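What follows is one structure encoded as C-alpha cells, with my remarks underneath.
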Amino acid sequence: MAAHMNSMEKLYNLSSNNATSFQKKTRSKLVSIPGTRPSVQNGQLIVSTGVTSLDYVIGGGLAVGTLLLIEEDQSDSYSQMLLRYFLAEGVVCGHELFLASAQDHPENIMQMLPSPILDDNVSTDQGDRPPTPLHLHDPDAMKIAWRYQNLPKFQTTFGSSLFGHCYDLSKPMEQQVRQAAKCHTFYLPEEKTAAKESSHLTGPYAGLLQCIQALIQKEGFDGSSSQCTVRNVLRVCLHSLGSALWGDDLCCSESPTHYHALTTFLYALRALLRSSLSVAMVTVPSHLIQKRVIMERITKLSDTTLTLESFQGSEKETNPLYKDYHGLLHIRQVPHLNCLLCAIPDTKDLAFKLKRKQFTIEKLHLPPDLSESVSRVSKVELPGCGPTSKHLDF
Amino acid sequence: MLLSVLQEKEAGGFVVIQDTASYSGRQLLKYYINCAIKSEEIVHVLGFEVPEQEIRKGLDRNYVHLFHFHNAYSDPLGWTKQSSFRVKHFTTPHIIQLVNKTQNAKATILVIDSLSWVLRHHNPAVICQELQKLKRAEGSIRMTFGLLHKDLHQQGIVGSICHLASTVISVAPLDIVDSAVAKTTQRKKSGKVMQEDNFFSIKDDLILSIQNKPSQSGHVKADLDTNEGDPASNLTFNLRLSEAEREAKEKVALPFVFSQEKKSALLRPSQSSGQIMYEPDASDDFDEEDPDDDLDV
C-alpha cells in the first residue's frame, strides 16, 4: 500500500478549480520527506512531476507508490522532455534517481536536464492584485466596460502552485547541482549479465527488474533495513519500454515472441513500487505497438496514463485552431487510490506547448465559430411525448 | 533539406530511404554515394540486392577509388562457401572490422543496400540493436544509409526502423515520368523535428534536380476554405466611416459616463454595503418643495 498520511482534520474541498493554500493538520508520526506533501484529495503522499501544470491535471501530483505511464509522441521529443523534468525535480528535491534506457546513454540524458529557477518569483494570486488606477488616456482603459477593469484576466494556464519548481529549458543543469543527487543507471547495451531470456517470464526485462529490486532492498526504500532513519523517495525512470532496442519485438510484429514480457514486468514493477517509497515514470512507444489489446493491458497495469499527441507531421499542424500549441495531451486513466472517487480533471481538452524556456499544459480553448456556415439551433425540438400543439386550451 | 543530408554535423546519423515497388530509391542512394565520394569521403557498400556493376555505373570516375563494395549479392547465404560477405555476418563487430580494413584517416560512410534483405533473415529486434550499435560507433562510421522497401514488411518493422533513424526520406512516384516526390523528416538530438517535401528527378548521370511543384494534369485539390472577400465591399449602402465621422463618433457623450472620481470610487473595493451616488442631469428639475403640500385631503 502506498504511504498514507494520518490526518486529524480534513476539509472537504470539492471544487478543484483554485489552487488551495490549505494545509492539513497532521500528527507527525511519519517523518516528512522533502519534496513530498499529502494530497488534499485522498491523503496520499504525493510528489511533483516537475511540470506544475501536469501536476494540476493529474490531481495535485504523483502519489508515491504509483506508476505513471506516458504514451510517446511520434518523434519521442516531448516524452523525453517530460522524463527530464521528472529527473530534474528529483535532483532539486534531493530524491534518489534510477534511470534506465536502451537508446541514449543515461549520462547523456542526465546532462540535458533543465536548470531550476531557484529564486522564487512566484506571482501572487490574481485576486489580491491591487486595483489599477484609471488612466483616461491609457489605450487599455476601457470606456464602456470600465467596471471590469480590475477583474483578473481569464487564465488558460493552471494556477501556479506552491508545490514543484520552475525550470529553464534553455540552460542545462549545472554539474555540481546534478552530482549532489544520487543517480543509479541501467544501460542495456552495457549490461553484462544476460539472464536466461526465453525461460524467464519477463523475458528481455529480467535484468532490469532484478536491478530495481536489488536497489530497493539495498538502499532500504521498502523499510527493510532498520538503520536508515532518513527516509527518501526513489524516482524510477524507464525510457521507451517495449521498443525494439530492449530486445522485445512487441513493436515489430503482430504476434510477438515475448507476448507477456512487458505486461509481466509492469505487474512486478508495480508490486515493487507499492511496497516501497518509490514512484515510477515509464514511457512506451505506443504508436509502434501493433496489437491494441496489449496497449489496453499495459494501461490497466499502470496507475496514471497519459498520451502525448504531437502536431508535427500531421494535418493538424496547419489547422488554425491549434496554432498556439504543439500537441494534445490525453489523459487515459487516473487512479483510485484508497478511495472511491478519483481526481477527475475538469476538462479533457488539454494541449501542451513548448516555449523556449518552458513546457506548459493548458486548457484547449476553441474560439467561437463565427463563420456563416455554422448551423445555429434556435429552437429546442420537443420530444414526441411533449405537447404537440403550442396553444393549450383549457 | 534533401540536398543537405550528407552535411549533417551530428555524428552517428542514420538515414533511411523508404521506397516502394512503384519507384525505386536506389537512384537517390547512388546520388548520395556520388556526393560523398566527390567530397572525398570513403564509402563502404554492403550490396545484397544488385551486383557491383550496377552500383558503380554513373559514379564519378576520378573518385571511384574511394568506393568499396562488399559483395553479398552473389552468395549471401554462403551456399558455395566462397562468398565474401554473408548475411549472417551482419553484426557490428564484423562490419567495423570490415570498414577498418581500408586505411581510413577519418570516419567513413556505410551504405546498406538493402535493409529489407537483412530483415528477412534476422530477427528485427536484433537488427534494431545492431543498427543502434552502428550509430554509436562514431570512430569508424560517420553515417549510415539504409534502403528499406516498405511494402515488403509489416508496418511495425518499418515503424521500428524509422523510429531509430535520424532522417527518413520517403520517395513516391508522380504522374509525370522521371519525377518523384521525396518527403524528408529529420529529427535532431535536441528533439526538434523538421519536415520537407521536395519534387525531384535524377538522370542517369546522377544529377539531382529539385523542381518546384510541377503542373499536374489530374488532381487539383479543391481549396476547402475559400478566402472570403471583404463582405462590406460591394454594398449599396455605406458601412465605413471617414476620418471626420470617426472623430465625431468618439466625441459623443455616452450615457452613464461618470466623472473620474466617481469611477475610481466605484472601482475601489468598498466596505460599506451600498452607496447611492446621484448626479443631477442637465434636464433634471431639483425642487425642494414637496408637491404633496398642495393636496387638500
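The values are calculated or read from the model by the stated rules, or taken from the named source; none is laboratory data. The shown structure was predicted, so the numbers you read here are calculated from the model rather than taken from an experiment. Because the Cβ atoms are built from the backbone with ideal geometry, glycine has one as well, and the counts that use them run over all protein chains shown. Protein only, heavy atoms only, side chains kept; ligands, DNA and RNA dropped before computing areas. Shrake-Rupley method; radii C 1.70, N 1.55, O 1.52, S 1.80 Å.
Worth pointing out:
- In this structure, A:N338 and A:E296 have a Cβ-Cβ separation that, at R0 = 35 Å, corresponds to a calculated FRET efficiency of about 0.90.
- Pairwise label distance in nanometres, B:E40 with B:R61, each label 7 Å out on the Cα-Cβ vector: 2.2
- Distance between the 7 Å Cα→Cβ label points at A:Q179 and A:K316: 4.3 nm.
- A probe of 1.4 angstrom, applied to the heavy atoms of all protein chains, finds A:F163 with accessible area near 20 square angstrom.
- Computing FRET efficiency as 1/(1 + (r/R0)^6) for B:D197 and B:Q97, where r is the C-beta to C-beta distance and R0 is 41 Å, gives about 0.55.
- Averaging the Cα positions of each part gives two centres, and for region A:282-316 and region B:29-75 these lie 41 Å apart.
- Set B:K150/B:K183; A:K192/B:K133; A:K182/A:K357; A:K323/A:K355 screened for pairs whose C-alpha atoms are more than 22 Å apart: A:K182/A:K357
- B:A248/B:D281 FRET efficiency (R0 25 Å; Cβ-Cβ; nearest 0.05): 0.65
- Accessible area (Å², 1.4 Å probe, nearest 10) - B:K150: 70
- The angle separating the long axis of helix B:124-136 from the principal Cα axis of greatest extent in chain B is about 90 degrees.
- Averaging the Cα positions of each part gives two centres, and for region A:103-118 and region B:159-193 these lie 29 Å apart.
- Which listed pairs, of A:K143/B:K251; B:K9/B:K192; B:K57/B:K188; A:K291/B:K189; B:K57/B:K88; A:K171/B:K192, have C-alpha distances above 22 Å, in listed order: B:K57/B:K188; A:K291/B:K189; B:K57/B:K88
- Among B:V177, B:G47, B:L98 - extreme Cα towards positive end, dipole of region B:10-228, charges at beta-carbon: B:L98
- List A:C166, A:C342, ordered by accessible area with a 1.4 Å probe, largest first: A:C166, A:C342
- For a label point 7 Å along the Cα-to-beta-carbon line of A:Y187, residues of region A:67-109 with backbone N under 12 Å: A:100-109
- Ligands, DNA and RNA aside, B:K189 has an accessible area near 130 Å² when probed at 1.4 Å.
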